[in-house]
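A quick write-up on the structure given underneath.
The values are calculated or read from the model by the stated rules, or taken from the named source; none is laboratory data. Computed from a predicted model, the values in this text were never measured in an experiment. Here the Cβ is made from the backbone with ideal geometry for all residues, glycine too, and neighbour counts use every protein chain on show.
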Amino acid sequence: MGIFDFIKSAGKSIGIGSRDEAPSADALKKELDSHSLGTEKVVVEVKGDKAIIRGDVSSQEVLEKAIVAIGNTQGISKVEAEVTVPDAREPVFYTVKKGDNLWKISEHFYKTGTKHQVIFEANKPMLSHPDKIYPGQVLRIPDLG
């Protein structure tokens, strides 16, 4: 599927150690499973600051959420996805910049801010509130088609 870039020092801290130290594969898998996305058949491996996910998922949405959940973890700068998914297509992700909000991001991708709720829903359960985004966080941008 591909390799996706993230900001190593941004995101949720789930490991022991410095912000630049990658969490263990077990810690990442536990974090991934905590979201109940349907990633039971996904295996996580860590090589340096790169996480590799392998296995099968039921949909493009599950794949994209798994990539975002793993990548938005402190110590991870890349996620390599070797995952089988029906009707796979290239995901669209956006890295939040200072001053961004979901309305502005929606305007950028959909030419209207009124679709901001679509982006929020697409990033649940990793996002708990539409106002709780931070610079460096990567969000999935769903296709409205």
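Worth a mention:
- Here Val42 meets each of (1) touching a strand residue (DSSP E or B) at 6+ places or on another chain (Cβ under 6 Å); (2) not assigned by TED's automatic domain parsing to the domain that holds Ala22 with one exception, condition (2).
- Going through (1) small (Gly, Ala, Ser); (2) modelled with pLDDT under 95; (3) over 17 Å from the mean Cα position of the chain (by Cα) one by one, Ala88 falls short only on (3).
- When residues in the range 18-49 are screened for being closer than 22 Å to Asn123 by Cβ and either of a type in the set (S, T, N, Q) or part of a strand (DSSP E or B) (or both), 5 of them pass.
- Of all residues in the range 106-123, those that are farther than 25 Å from His35 by Cβ have Cβ atoms under 8 Å from Cβ atoms of residues that are acidic (Asp, Glu), 6 or more apart or on another chain, in Gly113/Glu107.
- Residues that are under 18 Å from Gln137 (Cβ atoms) and among the β-branched types (Val, Ile, Thr), drawn from the range 84-111: Val92, Thr95, Val96, Ile105
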